[in-house]
Amino acid sequence: MSMSVIGASVLMLLLAGYLAQKYGLPPPAPKIAGIDLGTTYSSIGIYHAVSGNAEILPDLLGKRSIPSVVAWLPNGTILVGTHAVQQQEHNPLRTIYDAKRFIGRTFDAANPIFQSDKKRYPFEVKLDENGYAYFEIPLDTGNKAVYPEEVGSKIVSYLRNFAEQKLKTPLEQVVISVPAEFEEKQRNYTKRAAELSGMEVRRVISEPTAAALAYGLHKKKGVEDVVVVDLGGGTLDVSVLRLQGATFVTQAMAGNNRLGGQDFNDNVQKFLIKSLEEKFGKPIEDKEDIQQIRMEIEAAKLRLTTHLKSNIKLNLKVIGKYEQEITRKEFEDLNEHLFESIKEPIIAALEDARLEPASVDEIVLVGGSTRIPRIRKIVGQFFGKAPNFGVDPELAVATGASVQAGVIGGGWPLQVAAVELPTKIRKRHFYSEKQKQEETDF
Ligand SMILES: *[C@@H]1O[C@H](CO)[C@@H](O)[C@H](O)[C@H]1NC(C)=O
Ligand SMILES: *[C@@H]1O[C@H](CO)[C@@H](O)[C@H](O)[C@H]1NC(C)=O
């Protein structure tokens, strides 16, 4: 064996030792979390540098999608997530949801749109002298004013706490996502929500960019134009992104802030209640009965994403036990006009970006409602290609925020420093018939 071969072997060993120390087991503790602070659900994840995977962490109840709900008990105790939802019915004045719709925004008290939106909520929404919305919560010690960013900070603290417990490592920094349409002030207040919980915000990333990162599109060859369709419980957002170098630039945005899974449920609910009333000749109005019907419909909708039919099992005060089958076809027929309306903002966004459907390279679906097979089909047929799948659509944004956190943290082996450029593009809004009457701008 020549000296140079021995020398090379020693060098290899040294290099291996160095690499093992730097990248091998045990892996460096992840320090930057990725957080999706959503309107209805929130999630937290981290990027594992060694495996190159983002992991979304479950809370102590095993849930990865945490309801964005915060409740105060009269004595000031705070509940977050599922625990807050469970007591919502008995504590409506102190259980705050939808806080994200108000964050970093000012309103005019005389505006009829604000007045009608305010009525939507069982809790008290007020405006301070600068027009910022806050929630007034009655406590034993008197009324407490809570701002939307404070509600956000309770959610961030909850996420951070269980993630730290699970990982057994402190998480002091965060990449947090915001809707693409958020203006600078809304981004600042979202940042403040994380800062109030003691975290340092390394970056604010827009939700569609995060979703594209979740699918690794920032390092996929030949990708230029990406369309992200985000359909959740109550909102539809369409974004057109262009990948330039390793940078996502928003080209266009459109959406409908009052279209989502809840509307699909409502149509089934109306149909079911009408048919039950006809069958039994009794009105179905009991609050708990209606609540039970709502929950069973939501469960049936989920089953219908993987099955062709499902049973809705009820035990109502007014009619007793009753079982009704619903097929996927029936569910689709009841909602066909809403499903079809998803194309309107897609067409508008493509028009603004001067793109033909066929020239879009990748389609990313985000949000629980994109699990509905008919919706995937309508979108796929429109573009003439199948949307990306594989990442849980409800966790895609948190996954992408975690990937971005990994990029910032220098997580090996991911080298592309994907970033996005801020946008001044305005979102185009679409309304369904019912909303045109309400004239809401939310
Ligand atoms: C506040 O009230 C809840 C429910 O009544 C109770 O479980 C909790 O122990 C109380 N907390 C304090 C600090 O008194
Ligand atoms: C947002 O925050 C930055 C940095 O703190 C500040 O310079 C900027 O003026 C803020 N913008 C708005 C619109 O509040």
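The values are calculated or read from the model by the stated rules, or taken from the named source; none is laboratory data. Since the model is a prediction, treat every value here as computed from it, not as a measurement. All Cβ positions, glycine included, derive from the backbone under ideal geometry; neighbour counts span all protein chains shown. Please note that ligands, DNA and RNA were not included when accessible areas were found on the heavy atoms of the full protein model with its side chains. Shrake-Rupley method; radii C 1.70, N 1.55, O 1.52, S 1.80 Å.
So, in segment 181-208, of the ones that are among the polar types (S, T, N, Q) and within 16 Å of the chain's Cα centre (by Cα), which residue ends up farthest from ligand 1 (Cβ to nearest atom)?
Only one residue fits best here, namely Ser206.
Which of the residues spanning segment 384-396 are open to solvent by 10 Å² or more (accessible area, probe 1.4 Å) and under 20 Å from Asp225 (Cβ atoms)?
Gly384, Lys385, Ala386, Pro387, Asn388, Phe389, Val391
Testing Pro67 on (1) within 26 Å of Asn256 (Cα to Cα); (2) in contact with a Lys or Arg (Cβ under 7 Å, 6 or more places away or on another chain), one condition comes back false. Which one is that?
Among (1) within 26 Å of Asn256 (Cα to Cα); (2) in contact with a Lys or Arg (Cβ under 7 Å, 6 or more places away or on another chain), Pro67 violates only (2).
Which condition from (1) over 20 Å from the mean Cα position of the chain (by Cα); (2) open to solvent by 60 Å² or more (accessible area, probe 1.4 Å); (3) not aromatic (Phe, Trp, Tyr) is the one that Gly76 breaks?
Condition (2) is where Gly76 drops out.
What tally of residues in segment 87-135 results from selecting those that are closer than 24 Å to Val156 by Cβ and among the basic types (Lys, Arg)?
Final tally of qualifying residues: 5.
Can you pull out the residues in segment 337-358 that are open to solvent by 50 Å² or more (accessible area, probe 1.4 Å) and not aliphatic (A, V, I, L, M)?
His337, Glu340, Lys343, Glu344, Glu351, Asp352, Arg354, Glu356
If Ala254 satisfies every condition in (1) open to solvent by less than 30 Å² (accessible area, probe 1.4 Å); (2) more than 16 Å from ligand 2 (Cβ to nearest atom); (3) under 14 Å from the mean Cα position of the chain (by Cα) but one, which is the exception?
(3)
Would it be correct to say that Ala163 is small (Gly, Ala, Ser), farther than 23 Å from Phe102 by Cβ and either open to solvent by less than 60 Å² (accessible area, probe 1.4 Å) or within 16 Å of ligand 1 (Cβ to nearest atom) (or both)?
yes
So in segment 355-367, with the set limited to residues that are acidic (Asp, Glu) and either touching a residue at least 24 places away in the same chain (Cβ under 8 Å) or outside any loop (DSSP other than H, G, I, E, B) (or both), which one is farthest from Val50 (Cα to Cα)?
Asp361
Every residue in segment 140-156 that is open to solvent by 30 Å² or more (accessible area, probe 1.4 Å) and farther than 15 Å from Asn75 by Cβ, please.
If the condition is that a residue be open to solvent by 30 Å² or more (accessible area, probe 1.4 Å) and farther than 15 Å from Asn75 by Cβ, then Ala145, Tyr147, Glu150, Lys154 are the ones that fit.
Is it the case, given these coordinates, that Arg376 is open to solvent by 40 Å² or more (accessible area, probe 1.4 Å) and in contact with a strand residue (DSSP E or B) (Cβ under 7 Å, 6 or more places away or on another chain)?
Yes, satisfied.
If the Cβ limit is 8 Å and pairs must be 6+ apart or interchain, which residue in segment 69-80 that is farther than 13 Å from Pro92 by Cβ pairs with which residue that is within 7 Å of ligand 1 (Cβ to nearest atom)?
Listed by first residue and then by second, the contacts come to Leu79/Leu73.
Kindly indicate the residue of segment 199-212 that is in a helix (DSSP H, G or I) and aliphatic (A, V, I, L, M) and also nearest to Gly368 (Cα to Cα) among those meeting that condition.
Checking each candidate, the answer is Ala211.
Could you list all residues from segment 57-107 that are more than 15 Å from ligand 1 (Cβ to nearest atom), closer than 18 Å to Glu136 by Cβ and in a loop (DSSP other than H, G, I, E, B)?
The answer is Val69, Tyr97, Asp98, Phe102, Ile103, Arg105, Phe107.
How many residues, within segment 168-201, are among the hydroxyl-bearing types (Ser, Thr, Tyr), at pLDDT 95 or above and more than 13 Å from ligand 2 (Cβ to nearest atom)?
2
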